[in-house]
Structure formats: structure tokens, C-alpha cells
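The values are calculated or read from the model by the stated rules, or taken from the named source; none is laboratory data. This one's a predicted model, so the numbers in the text were calculated from it and none came from an experiment. Don't worry about glycine lacking a Cβ; one is built from the backbone with ideal geometry, like all the others, and counts go over all protein chains shown. Protein only, heavy atoms only, side chains kept; ligands, DNA and RNA dropped before computing areas. Shrake-Rupley method; radii C 1.70, N 1.55, O 1.52, S 1.80 Å.
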Amino acid sequence: MNSTHQLVAAWTVLLAGCWACGETKTVTVELDTSAVPELREWGEQAKALVEEWYPRIVNLIPTKGFEPPTEVKITLRKSDRGIADTAGAHIRVSSGWIEKHPEDIGLVFHELVHVIQNYGPTRQGWLVEGIADYLRWAIYEAKPLSWFALPNRPDGYRQGYQVTAGFLLWLESDRAPGIVNKLNTALRNKNYSEELFESQTGLNLDALWAAYQQERRQPTD
Ligand SMILES: [Zn+2]
């Protein structure tokens, strides 16, 4: 074997090794529908959504050195109260909501974002919910900016959920591309501060919200 052959052989080994390290991140999903066996099919849909979207969401909001939980549990609980919640990597959905809104499978996407955010306790609930709803409604459900609710309040961004999600979509497309993952990483690393908005855009949060309201109300095209 001459040196060229040896080099080719070495590269073949390296490339073969990279097949394994280049595999899509997978998630193990445990589904418990024992309390409501009649909703098994909906549960299976939820499980499939988590398996399909987990690696995508992981790539959408990466943080260097951070590994999200790789085992997710979904429980459909027998209850007419509430919609869904997530504690750690355990997503629980109420049967009453599923029976009334079987088409609302996207709620599982929102809860899955919470699993991957993995922030632990934080006082920035509005932002946690805003990021989860931004990924659900702007990315998963592909809604345009005009779809998002726009309350007439000076600190409306603090409403969280779809309202904050629209604000984040506007920031991403108009003012500071990449800001969602900067906020996400700051929340994960426990060093979030409102200053981040100003350092990324040149405006503080209240001024940004005012600019957002003005632009939404007076479209330029
Ligand atoms: Zn939530």
C-alpha cells in the first residue's frame, strides 16, 4: 500500500465515523393515555409531532454547550379544567380541551418548546410564553405578522403568548434578526436582562413596542 492509498484509507475511516456523528438528534417519547383510552389516537398524533419537531426546534434555538432533555413524557389526563402544562420534560394535556378542540394539536408544539427551553424557574414568564408562541404560530403554523393580536397598551409586550410572539416576529424580520435565540440563550444561561433589547436594536423595550404599534397601525405598503 503506497502513501496515497493509506491517505484514502484514513479518509474513508474518518468519513465512515462522521456518518454516525451526523445523525439527527432523536427523542424518546413515552405516551400515557391510560386515563382516557378513547383519546389514544390523538395521543399518537402528539407523540408523532414531538418526534418530528424535536430535532428541528433544538436546531432553531441552540445554545453552545447546552443539551435539552432527550426523554419526553406525554400524559393525557382526565380533566375538564385547563388546557396543558409542562413540568420539566413532562407534558400533560386535559381531555376536556382535546374533546372540544381535537384540531388543536399545535398546543403540543408549544409545550414541546418549553421542554427544549429548559429554563428552570424564571420571572420572565411573558418572554418564555412569547418565545414558545412565536415558534408555534410564526414557524409551525406559518402565520403572517398581520395575524397577531396587537393590544393598545404601553407595555403590551408583557401580555406574553401570541401578543409577545407577534412582537418577536416583527423584531426578527424588521429590527434584530437572531434576537429570539439571543433571548433564549440568555434565559438558559440565567443572564437575561432587558438591556439585551437595547443592545440589539438601539431602543429600550417600551420604545420598541411603541415603534411596533406604530408600524403595524400604519403599514408602509
Ligand atoms: Zn406555555
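Can you tell me how many residues in segment 124-181 are open to solvent by 60 Å² or more (accessible area, probe 1.4 Å) and under 22 Å from Gly202 (Cβ atoms)?
Adding up the residues that qualify gives 6.
Does Ala165 qualify as being touching a Gly at 6+ places or on another chain (Cβ under 6 Å), within 14 Å of the ligand (Cβ to nearest atom) and assigned by TED's automatic domain parsing to the domain that holds Arg188?
Yes.
Looking only at segment 117-126, which residues are out of contact with any Ser or Thr (no Cβ under 7 Å at 6 or more places or on another chain), free of Cβ contacts under 8 Å to residues at least 60 places away in the same chain and part of a helix (DSSP H, G or I)?
Across segment 117-126, the qualifying residue is only Gly125.
List, please: which pairs have Cβ atoms under 6 Å, are six or more places apart or on different chains, and start with a residue in segment 192-221 that is at pLDDT 95 or above and end with one that is among the charged types (D, E, K, R) and outside any helix (DSSP H, G or I)?
Leu205/Glu194
Within segment 174-184, is even one residue part of a loop (DSSP other than H, G, I, E, B), aliphatic (A, V, I, L, M) and outside the structural domain of Tyr54 (by TED's automatic domain parsing)?
yes
Might you check whether a residue that is in a strand (DSSP E or B) and closer than 21 Å to Val50 by Cβ occurs anywhere in segment 127-147?
No, that holds for no residue.
Filter segment 78-127 down to the residues that are of a type outside the set (Gly, Ala, Ser), more than 15 Å from the ligand (Cβ to nearest atom) and closer than 17 Å to Gln45 by Cβ and list them by number.
Ile98, Glu99, Lys100, His101, Pro102, Glu103, Ile105
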